[in-house]
1. When region 112-162 is examined, which residues are found to be over 21 Å from Leu39 (Cα atoms) and open to solvent by less than 20 Å² (accessible area, probe 1.4 Å)?
2. For the list (1) among the hydrophobic types (A, V, I, L, M, F, W, C); (2) assigned to a helix (DSSP H, G or I); (3) open to solvent by 30 Å² or more (accessible area, probe 1.4 Å), I need the number of the one condition that Ala165 fails.
3. I'd like the full set of residues that are hydroxyl-bearing (Ser, Thr, Tyr) and open to solvent by less than 40 Å² (accessible area, probe 1.4 Å), limited to region 25-69.
4. Does Ala175 satisfy the criteria of being in a loop (DSSP other than H, G, I, E, B) and in contact (Cβ under 8 Å) with a residue 60 or more places away in the chain?
5. Being hydroxyl-bearing (Ser, Thr, Tyr), in a helix (DSSP H, G or I) and at pLDDT below 90 is the filter here, so list the residues in region 4-27 that pass it.
6. Of all residues in region 69-99, count the ones that are under 19 Å from Thr34 (Cα atoms) and either at pLDDT 80 or above or in contact with a helix residue (DSSP H, G or I) (Cβ under 7 Å, 6 or more places away or on another chain) (or both).
Amino acid sequence: NILAASTVQPNVVISHAHRDHYGHIATVLGGTQTAHIWLGGDPTAYTFDGFPTWIAGQRTGKATVHENMAAGFHNDAQPLGQNLSCGLASAFVLTANNGGSANAQSLVLMLEYGEFTAILPGDAEGVTESSAINNFDNNLKATLLAGSHHGSNSNGSNGTAWITATAPDIAVFSAGQG
């Protein structure tokens, strides 16, 4: 089983093309071949830290790159299966590519395992969160919610509608010293 597990190709989701969301992926994954890569936002904006060379190598190795999704793209009824597998958890894209800024275009991911759900919104703005709420008919209860845009309230992030719709049991914010 250990050998079989080591041959599984991982899937990668990158919320959007800001360096703090993808900058070290070429180093971290190095020579690891992936199966599927999901890119939120403008795929031509991923230009730093060896990423263009890394993704070119992934394409050569037959990774499927999911990019240029329509505004508001989501999979509302069925998980994306092997295209976005996460072990025994189901994965859903709640929304992607909303608004004009890279942050608003964040791909918002939800992982579901039994009664546990985690929502990972990248640097989503209010327009992004509203799209996710609408796409899922206000049915987004989260056990764990990562705060959009590091927990800020810029451009409508982490607004009352988002917090009410997700009703998280746990909220996690990524913040550092300014």
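1. Matches in region 112-162: Thr117, Leu140, Ala142, Trp162.
2. Only one criterion is unmet by Ala165, namely (3).
3. Thr34, Tyr46
4. Against the criterion (in a loop (DSSP other than H, G, I, E, B) and in contact (Cβ under 8 Å) with a residue 60 or more places away in the chain), Ala175 does not qualify.
5. Residue satisfying the conditions is Ser6 alone.
6. Result for region 69-99: 9.
The values are calculated or read from the model by the stated rules, or taken from the named source; none is laboratory data. No experiment lies behind these values; they were computed from the predicted model shown. Don't worry about glycine lacking a Cβ; one is built from the backbone with ideal geometry, like all the others, and counts go over all protein chains shown. Surface areas here come from the heavy atoms of the whole protein model, side chains and all, with no ligands, DNA or RNA. Shrake-Rupley method; radii C 1.70, N 1.55, O 1.52, S 1.80 Å.
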